[in-house]
Amino acid sequence: MKDEINVSYQMGRTALVTMELRDVLGRSVPIANAKYQLEQPGSHEAAIPAPNLPPGTYYLRITTDAGDAITLKVAKE
């Protein structure tokens, strides 16, 4: 990634989605539009602005209120 994180995901049911970004030490990194987005079933894309993020490796965790979760490794050049 350069100035934003682009992610695509599939929803099987309506759920509240939360996205959280952490650095390699596990510290939370603030990101815009990360909390409680109600998503309908189907394909979704999210663009998370990260222009002031220092270069490095980060982990984006996407969770739902139904208990589903996935963690993606992202790197900023």
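Every number here is computed from the coordinates shown, using simple stated rules; none is lab data. Because the structure is a prediction, the values reported are computed rather than measured. Here the Cβ positions follow ideal geometry from the backbone for every residue, glycine too, while neighbour counts run over all protein chains shown.
Could you work out how far apart the two model spin labels at Thr14 and Gln40 are, taking each label as a point 7 Å from the Cα in the direction of the beta carbon, and quote it in nm? Each label point lies 7 Å from its Cα, and together they span 0.9 nm. Measuring nothing but how far apart in sequence close Cα pairs (under 8 Å, 6+ apart) lie, relative to its length, the chain scores a relative contact order of 39 percent.
Considering only Ala46, Ser28, Leu16, the residue lying farthest towards the positive end of the dipole of segment 4-76 is Ser28, judged by Cα position with unit charges set on Cβ.
Taking max minus min of the alpha-carbon positions on each principal axis, the chain gives extents of 35, 21, 17 Å, largest first.
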